[in-house]
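Down below is the structure, laid out as C-alpha cells.
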Amino acid sequence: MQRLERFTGQIGSAVNMIKRVNEAIGNEDLKDGLAAFNAINSGDPKAVKIFTDYCHDIANIILSVQAVVNGDRVVIAGGISEQPVVINTISKEYDKLADQFYRVGHELTKPEIVPAKFKNDANIYGALYALLLEVNGEINDAK
C-alpha cells in the first residue's frame, strides 16, 4: 500500500478492500461487493489474504481508539456489516493483537464489536435524525 493511501483514509476503506479483492480475483467490476465476498467466503487465498489484512487494520484502529476512549462497544456500519465474516474476522484479529501485546491483553477491555442495526442505511438514519433535531430546534448551528 502506498504511503499516501494511509493519509487519505484508504486503510480502513471497505470500498478499497472490495476493489483490491476484485482486482486479485480478476473481476472486471471492481465495485462488485457480492463477488468479492463470494471469493472471501469460498476461501480464495488471494481474497482471504486481502480481507484478513483489512480486518487486521480495522482491529488495530479499534484497539488504538480503545486505548484512548475505552468504550464498551464498536459498531461497524455500511453494506460490509451485512457480512457476518466481517465482524467475526475483525474480532479474531483484535484478539490476535491482544495476545501479541501484553499491555493490550491485560490493561484494555475488549469492546463488543457488532454490526450496525440499520446496516447500509445507518448513515441515512443518522442524517435524518440530525435533520429532525435541527428542524425541531433541538440543536444550534454554530455559524
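The values are calculated or read from the model by the stated rules, or taken from the named source; none is laboratory data. This structure is a prediction, so every number in the text was calculated from the model and none was measured. Because the Cβ atoms are built from the backbone with ideal geometry, glycine has one as well, and the counts that use them run over all protein chains shown. To get the accessible areas, we keep the full protein, side chains included, count just its heavy atoms, and leave off ligands, DNA and RNA. Shrake-Rupley method; radii C 1.70, N 1.55, O 1.52, S 1.80 Å.
Structural remarks
- Only listed residue being touching a Gly at 6+ places or on another chain (Cβ under 7 Å), open to solvent by 40 Å² or more (accessible area, probe 1.4 Å) and either part of a strand (DSSP E or B) or over 21 Å from Asn120 (Cβ atoms) (or both), chosen from Asp95, Asp99, Asp53: Asp99
- Among the candidates Ser81, Ser64, residue that is open to solvent by less than 40 Å² (accessible area, probe 1.4 Å) and part of a helix (DSSP H, G or I): Ser81
- Pairs, first at positive phi in the stretch 79-95, second of a type in the set (Ser, Thr, Tyr) and surrounded by fewer than 20 Cβ atoms within 10 Å (Cβ to Cβ), C-beta under 6 Å, six or more apart: none
- In this structure, Val104 does not qualify as at pLDDT below 90, of a type in the set (Val, Ile, Thr) and open to solvent by 50 Å² or more (accessible area, probe 1.4 Å).
- When Ala130 is tested against (1) small (Gly, Ala, Ser); (2) modelled with pLDDT under 85; (3) in a helix (DSSP H, G or I); (4) open to solvent by 40 Å² or more (accessible area, probe 1.4 Å), just one condition goes unmet, and that condition is (2).
- Failed item in (1) modelled with pLDDT under 95; (2) open to solvent by less than 30 Å² (accessible area, probe 1.4 Å); (3) closer than 25 Å to Ala122 by Cβ; (4) not β-branched (Val, Ile, Thr), with Ala35 passing the rest: (1)
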